[in-house]
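Structure record follows, encoded as structure tokens.
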Amino acid sequence: MNPFLESIVSAAQLVAGGDPQLLRIVGLSLTVSASACVIATAFGLLAGAALAVWRFPGRGAVLVLLNTLLALPSVVVGLVVYLLLSRAGPLGSLGILFTPTAMVIAQSILVTPIVAALTRQVIEDAMRDHGEQLRSLGAGRLQCALIVAWDERLALLTLALVAFGRAISEVGAVMMVGGNIAGVTRVMTTAIALETSKGDLPLALALGIVLLGVVLLLNVLIGVLRQWRLAEDQRGGVLT
């Protein structure tokens, strides 16, 4: 059999058989990325909502900085977090470099600007459409933001899924601060890079299949949420 086909068959067998090493790597990937996504979503939603409803001196500069951070290279995030957590860094005494905690921190920093920028746009657009109506009913800025955020909950949930997809597919930062240690900090993306360099193509392909499956599932969920939102709008569910 062709070596490429052999690798694919072996990879499929690893996935179907629930290889223990594969499951450990996938489990750690999901745990780290889900934790980072929760943190990034919490901070990103708050920051995005605040930027959408409050006007203050320097807001334009903050928005420019936020939009710049959308293209922040993951290796730069990894470098900054590494310097902060290294033995000579200001947070070196915590001793969390090359641990899953450091990986969560790096992914959170990388993803938070995405959530914040998209949240600001979603809420600002909604405020443009419904803000005057809410203010005429006596709602303050905070109340407006909360009402609009609840009305746009499906869009905001979609942002959280996008953030999770970005986090779980990231490789540069987690490799720099996690060290890619077997059984400790090895996640799907770093393991794929390592196993490919070692020539262990079946495991690399198996992890690639699982990673693509996770990304596919996220896109299916995003599509379902969009259809759900369209159905809500058609039923007249806006601001109810």
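The values are calculated or read from the model by the stated rules, or taken from the named source; none is laboratory data. Everything numeric in this text was worked out from a predicted model, so none of it was measured. Neighbour counts run over all protein chains shown; Cβ positions are idealised from the backbone, glycine included. Heads up: the accessible areas ignore ligands, DNA and RNA and are worked out on the full protein's heavy atoms, side chains in. Shrake-Rupley method; radii C 1.70, N 1.55, O 1.52, S 1.80 Å.
Here are a few things to note about the model shown:
- Looking across region 179-209, the residues that are assigned to a helix (DSSP H, G or I) and under 17 Å from the mean Cα position of the chain (by Cα) come down to Met188, Thr189, Thr190.
Per-residue answers, yes or no, for (1) at pLDDT 95 or above; (2) touching a Cys at 6+ places or on another chain (Cβ under 6 Å); (3) in a helix (DSSP H, G or I); (4) among the small types (Gly, Ala, Ser):
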| site | (1), (2), (3), (4) |
| --- | --- |
| Thr31 | yes, no, yes, no |
| Ser35 | yes, no, yes, yes |
| Ile39 | yes, no, yes, no |
| Gly60 | no, no, yes, yes |
| Leu63 | no, no, yes, no |
| Asn67 | no, no, yes, no |
| Leu72 | no, no, no, no |
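Conditions (1) open to solvent by less than 20 Å² (accessible area, probe 1.4 Å); (2) in contact with a Leu (Cβ under 7 Å, 6 or more places away or on another chain); (3) hydroxyl-bearing (Ser, Thr, Tyr), marked per residue:
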{"position": "Leu146", "(1), (2), (3)": "no, no, no"}
{"position": "Glu152", "(1), (2), (3)": "no, no, no"}
{"position": "Gly172", "(1), (2), (3)": "yes, no, no"}
{"position": "Val177", "(1), (2), (3)": "yes, yes, no"}
{"position": "Ile181", "(1), (2), (3)": "no, no, no"}
{"position": "Val187", "(1), (2), (3)": "yes, yes, no"}
{"position": "Ser197", "(1), (2), (3)": "no, no, yes"}
{"position": "Asp200", "(1), (2), (3)": "no, no, no"}
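- Among the residues making up region 5-29, those that are of a type in the set (A, V, I, L, M) and exposed (fewer than 15 other Cβ atoms within 10 Å of the Cβ) are Leu5, Val9, Ala12, Ala16, Leu23.
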